[in-house]
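K.L.:
What follows is a single structure, and I will ask about it in a moment.
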Amino acid sequence: MDRRARIYVAGHTGMVGAAIVRELRAAGFENLLLVPRSELDLTDQRAVRDFFVEHRPRYVVDSAARVGGIEANLTYPAEFLYENLTIQNNLIWSAKETSVETFLFLGSSCIYPRDCPQPMREEYLMNGRPEPTNEAYAYAKIAGMKLCEYIHREFGRNFVSCMPTNIYGEGDNFDPSSSHVIPSLLRRMQEAKESEAAEVVVWGTGESRREFMHVDDLANAVVWLLMNHRSPRFLNVGTGEDISVRSLAERIRSLVGYEGDLVFDASKPDGMPRKVLDVSPLHRSGWRHRIGFDEGLERAYAWYLSYVHEAPQRIREPLHPA
Ligand SMILES: NC(=O)c1ccc[n+]([C@@H]2O[C@H](COP(=O)([O-])OP(=O)(O)OC[C@H]3O[C@@H](n4cnc5c(N)ncnc54)[C@H](OP(=O)(O)O)[C@@H]3O)[C@@H](O)[C@H]2O)c1
């Protein structure tokens with residue numbers, strides 16, 4: 001892949017997009033097209049089309065989406081479906097119409113069926129209904145992945161997708177009202193340590209098992225796929241390793257140095273007993289993750305301390321890559 005090629009990273013101010021920009025720069029790609037929402041609203045079809053006609057990127061990574069937790073998904077399903085369909089349709093179709101060579105779309109492992117057999121293989125997608133708490137998001141993502149697949153098959157263009165697992169790390173959302181389990185536990189244990197609270201309550205029995213991947217590993221995989229993936233079939237991107245919520249909470253307690261108790265509230269739902277991706281096709285294709293879980297957690301904690309903990313207003317500020 002030509003290091004001078006123009007690459008458009010949509011959603012570069014987000015956690016994943018910012019990491020992709022860091023990774024591309026580290027790999028020597030300097031001709032990056034990065035436009036904040038204030039200059040290009042991706043739900044505006046004409047503006048997106050004009051942008052592609054004017055700037056003619058050769059490669060596009062779509063890491064722009066309306067993303068949110070359970071509460072946001074349940075409260076605003078119409079907006080989640082409409083905005084995500086619109087953003088991805090505008091990007092994918094404008095890219096198709098303007099001769100983009102490779103377009104990479106990001107799915108999300110949370111769109112696999114609610115009762116999916118484990119580990120989740122690519123062919124299980126749509127074998128059952130999605131999890132009701134993120135149904136609208138799931139239908140939009142499925143449509144985006146299908147549109148890329150159809151363009152690949154019908155027009156012979158390299159429009160591809162990948163299915164990342166749960167991501168954590170630099171740029172994560174530490175807002176207590178909407179954060180995922182890792183940033184939520186890091187923050188709550190840090191605050192409990194500082195206030196010398198006697199206990200931290202964790203939802204569920206702690207027995208359910210989940211997979212997590214550091215955002216820099218995902219970014220590395222994205223750049224690798226951009227250069228190497230040439231198939232209409234999407235690939236799972238994860239570590240293939242899962243950990244119980246109890247073990248996760250204990251590791252975070254020890255990392256943070258919190259000495260109080262962990263209380264598992266079994267009256268709260270556990271969700272699926274296990275969720276982990278089958279990554280054997282990804283491994284066969286030649287890529288595997290590098291950042292071990294302990295190292296990844298240390299990096300996420302260091303970033304939280306230096307970036308958010310020291311300046312809490314930053315929780316709602318978009319990330320701007322250096
Ligand atoms: N985080 C995860 O655990 C995870 C796991 C699997 C897959 N993914 C996928 O990775 C992608 C990025 O996720 P993320 O966690 O990085 O989300 P994020 O931090 O919320 O970033 C979303 C990005 O999309 C941009 N965006 C949203 N609506 C826009 C609009 N109308 N016009 C222009 N830009 C818009 C945001 O811009 P602003 O900064 O202006 O808001 C931001 O740059 C998503 O497709 C998601 O499904 C994430």
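The values are calculated or read from the model by the stated rules, or taken from the named source; none is laboratory data. Remember, it's a predicted structure, so these values are computed and weren't measured experimentally. A quick note on method: Cβ atoms are made from the backbone with ideal geometry, for glycine too, and the neighbour counts reach across all protein chains shown.
K.L.:
State which residue is nearest to Pro119 (Cα to Cα) when the search covers only the stretch 182-216 and only residues that are touching a Gly at 6+ places or on another chain (Cβ under 8 Å) and within 16 Å of the ligand (Cβ to nearest atom).
P.N.:
Glu211
K.L.:
With the requirement that a residue be crowded, with 20+ Cβ neighbours inside 10 Å, over 15 Å from Gly11 (Cα atoms) and of a type outside the set (Val, Ile, Thr), what does the stretch 95-107 give you? Give the steps one after another, and end with the answer.
P.N.:
Here is the first cut: in the stretch 95-107, the ones crowded, with 20+ Cβ neighbours inside 10 Å are 95, 100, 102-107.
Among the residues that remain, those that are also over 15 Å from Gly11 (Cα atoms) are: 95, 100, 102.
Listed by number, the list holds a single entry, Ala95.
K.L.:
Within the stretch 72-93, track down each residue that is under 18 Å from the mean Cα position of the chain (by Cα) and farther than 17 Å from Leu147 by Cα.
P.N.:
Result: Ala72, Asn73, Phe80.
K.L.:
Could you pull out the residue among Val67, Val61 that is buried (at least 21 other Cβ atoms within 10 Å of the Cβ), within 14 Å of the ligand (Cβ to nearest atom) and not in a helix (DSSP H, G or I)?
P.N.:
Just one listed residue meets the conditions, Val61.
K.L.:
Is there a residue in the stretch 86-94 that is among the hydroxyl-bearing types (Ser, Thr, Tyr), modelled with pLDDT of 95 or more and in contact with a Ser or Thr (Cβ under 6 Å, 6 or more places away or on another chain)?
P.N.:
Yes, some residue in the stretch 86-94 is among the hydroxyl-bearing types (Ser, Thr, Tyr), modelled with pLDDT of 95 or more and in contact with a Ser or Thr (Cβ under 6 Å, 6 or more places away or on another chain).
K.L.:
Within the stretch 40-56, track down each residue that is touching a residue at least 40 places away in the same chain (Cβ under 8 Å), in contact with a helix residue (DSSP H, G or I) (Cβ under 8 Å, 6 or more places away or on another chain) and in a loop (DSSP other than H, G, I, E, B).
P.N.:
Leu42, Thr43, Asp44
K.L.:
Name the residues in the stretch 1-25 that are assigned to a strand (DSSP E or B) and either modelled with pLDDT under 95 or not aromatic (Phe, Trp, Tyr) (or both), would you?
P.N.:
Within the stretch 1-25, Ile7, Val9, Ala10 meet the criteria.
K.L.:
Among the residues of the stretch 289-314, what is the count of those that are more than 19 Å from the chain's Cα centre (by Cα) and either farther than 26 Å from Asn236 by Cβ or modelled with pLDDT under 95 (or both)?
P.N.:
So the count comes out to 11.
Rundown of residues vs (1) under 30 Å from Gly296 (Cβ atoms); (2) within 14 Å of the ligand (Cβ to nearest atom), yes/no style:
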| site | (1), (2) |
| --- | --- |
| Thr13 | yes, yes |
| Val16 | yes, yes |
| Ala19 | yes, yes |
| Phe29 | yes, no |
| Ser38 | no, yes |
| Leu42 | yes, yes |
| Ala47 | no, yes |
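K.L.:
Further question on the same structure: Only one of these conditions is not met by Pro132: (1) touching a strand residue (DSSP E or B) at 6+ places or on another chain (Cβ under 8 Å); (2) within 17 Å of Met272 (Cα to Cα); (3) surrounded by fewer than 21 Cβ atoms within 10 Å (Cβ to Cβ). Which number is it?
P.N.:
(1)
K.L.:
Moving to a separate point now. Can you pull out every residue in the stretch 253-290 that is buried (at least 19 other Cβ atoms within 10 Å of the Cβ) and β-branched (Val, Ile, Thr)?
P.N.:
Within the stretch 253-290, Val256, Val276, Val279 qualify.
K.L.:
Any residue that is of a type outside the set (A, V, I, L, M, F, W, C), under 19 Å from the mean Cα position of the chain (by Cα) and surrounded by fewer than 23 Cβ atoms within 10 Å (Cβ to Cβ) - is there at least one of those in the stretch 33-51?
P.N.:
The answer is yes, given that some residue of the stretch 33-51 is of a type outside the set (A, V, I, L, M, F, W, C), under 19 Å from the mean Cα position of the chain (by Cα) and surrounded by fewer than 23 Cβ atoms within 10 Å (Cβ to Cβ).
K.L.:
Next up: Could you count how many residues in the stretch 157-181 are of a type outside the set (A, V, I, L, M, F, W, C) and under 21 Å from Pro113 (Cβ atoms)? Walk me through how you get there before you give the answer.
P.N.:
Looking only at the stretch 157-181, we keep the residues that are of a type outside the set (A, V, I, L, M, F, W, C), and these are 157-158, 161, 164-166, 168-173, 175-180.
From what is left, the residues that are under 21 Å from Pro113 (Cβ atoms) are 161, 164-166, 180.
Residues that pass the stated criteria total 5.
The rows are residues; the columns are (1) touching a residue at least 60 places away in the same chain (Cβ under 8 Å); (2) under 26 Å from Leu226 (Cβ atoms).
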site: Pro132; (1), (2): no, no
site: Tyr137; (1), (2): yes, yes
site: Ile151; (1), (2): no, yes
site: Ile167; (1), (2): yes, yes
site: Val181; (1), (2): yes, no
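K.L.:
What is the one condition in (1) touching a Pro at 6+ places or on another chain (Cβ under 8 Å); (2) free of Cβ contacts under 8 Å to residues at least 40 places away in the same chain that Arg187 does not satisfy?
P.N.:
Tallying (1) touching a Pro at 6+ places or on another chain (Cβ under 8 Å); (2) free of Cβ contacts under 8 Å to residues at least 40 places away in the same chain, Arg187 fails exactly one: (2).
K.L.:
Within the group Met163, Met126, Met145, which residue is aliphatic (A, V, I, L, M) and at positive phi?
P.N.:
Details: Met163 fails: at positive phi; Met145 fails: at positive phi.
Checking each option against the conditions leaves just Met126.
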